[in-house]
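For reference, the structure discussed in these notes is given below.
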Amino acid sequence: MTAAITFEDVHQSYRGPDQAVLRGVDLTIEEGDFCIILGRSGMGKSTLLRCVNGLVQPYQGTVTVAGRQVSRHKSTLRGIRRRTGVIFQGYNLVNRLTALQNVLCGMLPDLPGYRALLGAFTAAEIERGLALLRDVGLENRADQRVDQLSGGQKQRVGIARVLAQEPTIILADEPVASLDPVTSEDILSRLRSISREKGITVVISLHQIEYARSYGERIIALLDGRLAIDTRGSELSPEHIDRIYGLSPERARG
Ligand SMILES: Nc1ncnc2c1ncn2[C@@H]1O[C@H](COP(=O)(O)OP(=O)(O)OP(=O)(O)O)[C@@H](O)[C@H]1O
Ligand SMILES: [Mg+2]
């Protein structure tokens, strides 16, 4: 198997090394992995995801994406971000645009600047955008402004937009935190199918243990700045849960 993302002894802090959020994370995510990150609030799940596309830079250690070390180098970052799609809890769609226009925005990094500015897309690009909306069951909403859609529909537009980017990696930071249980499961199973069918590496942070258990082909958990658990969803035990969410750090450490 080939590594999609590798963390080697990654230390990251927003406020100096004595308040490090990540304190020596070692982790290899293989190509095509469907990986869920658990951890109490503030344990660094979002930080870990941001290290992958270089939004935050570790002060020690290295993060490697598809064989390229994430650095501050602009062209490296552009290359990594081009192939790394992001799905957000708050959808991050452009509200005044339609569902189709939002999906087409996912193709923008590949379009010459003037065409992006004019919003001029070819018939083939529009057809591809419509096909992506069809894949998420929203072909009949293509021309509707996204601020008129439900949360679940918005997140499906978010998925179609990310696929328009033709990513090799999808990072999703709490993608179902604002959704009801049925819609949440719909979104998670779509992401898992995408990973299986297209071989895309998917890394998702979640707070819902039951979803992690049923969808996580691999579950990792952060505790006190390090990787505390690395297991299969089906093998996530009460001891694991106690360790991740235990009330006192002493108890959590077991
Ligand atoms: N931009 C920032 N500036 C300063 N500190 C930050 C910043 N982002 C996060 N932090 C701090 O880093 C720590 C880890 O935050 P992070 O958002 O990665 O945690 P998380 O596990 O994603 O939490 P949650 O489950 O609440 O989303 C927290 O203590 C947080 O306050
Ligand atoms: Mg977070």
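Listing Asp224, Asp147 from fewest to most neighbouring C-beta atoms within 10 Å gives Asp147, Asp224.
Counting each DSSP H run of 4 or more residues in the chain as -39500 (n - 2.57), what helix-only mean residue ellipticity at 222 nm follows after dividing by all residues, to the nearest 500 deg cm²/dmol? Taking each H run of at least 4 residues, the total per residue is -11000 deg cm²/dmol. Modelled label positions at Glu197 and Gln148, each set 7 Å beyond Cα in the direction of Cβ, lie 2.8 nm from each other.
Computed extension length for Tyr59-Glu166: 35.5 nm, one decimal, from 0.36 nm per residue of separation with the Cα-Cα distance subtracted. Residue ranges 86-94, 3-11 sort as 3-11, 86-94 when ordered by packing (mean number of other C-beta atoms within 10 Å per residue, highest first).
Of the peptides 20-27, 166-173, 75-82, 153-160, the ranking by mean beta-carbon count within 10 Å, highest at the top, reads 153-160, 166-173, 20-27, 75-82. The simple spin-label model puts a point 7 Å past each Cα toward its Cβ; for Gln19 and Asn95 those points are separated by 3.2 nm. Note on the chain: antiparallel DSSP beta bridges, both residues inside, total approximately 55 percent of the bridges counted.
Springs between Cα atoms under 10 Å define the GNM used for the chain, and in it the highest mean-square fluctuation of Pro181, Pro58, Pro238 occurs at Pro238. The equivalent ellipsoid of the stretch 133-228 has semi-axes of 25, 15, 12 Å, largest first, where each one is the square root of 5 times an eigenvalue of the Cα gyration tensor. Projection of the Cα convex hull of the chain, averaged over all directions and equal to a quarter of that hull's surface, yields 14.3 nm².
Between Asn140 and Ala177, the C-beta separation translates, for a Förster distance of 30 Å, into a calculated FRET efficiency of about 0.65.
Simple rule: put +1 on each Lys or Arg Cβ and -1 on each Asp or Glu Cβ in the chain, find the dipole, and look at Pro17, Ser193, Gly233; the Cα lying farthest toward the positive end is Pro17.
Bear in mind these aren't lab numbers, they're just calculated from the coordinates by the rules spelled out. Here the structure is a predicted model, which means the values were calculated and not measured. Cβ atoms come from the backbone with ideal geometry, glycine included; neighbour counts cover every protein chain shown.
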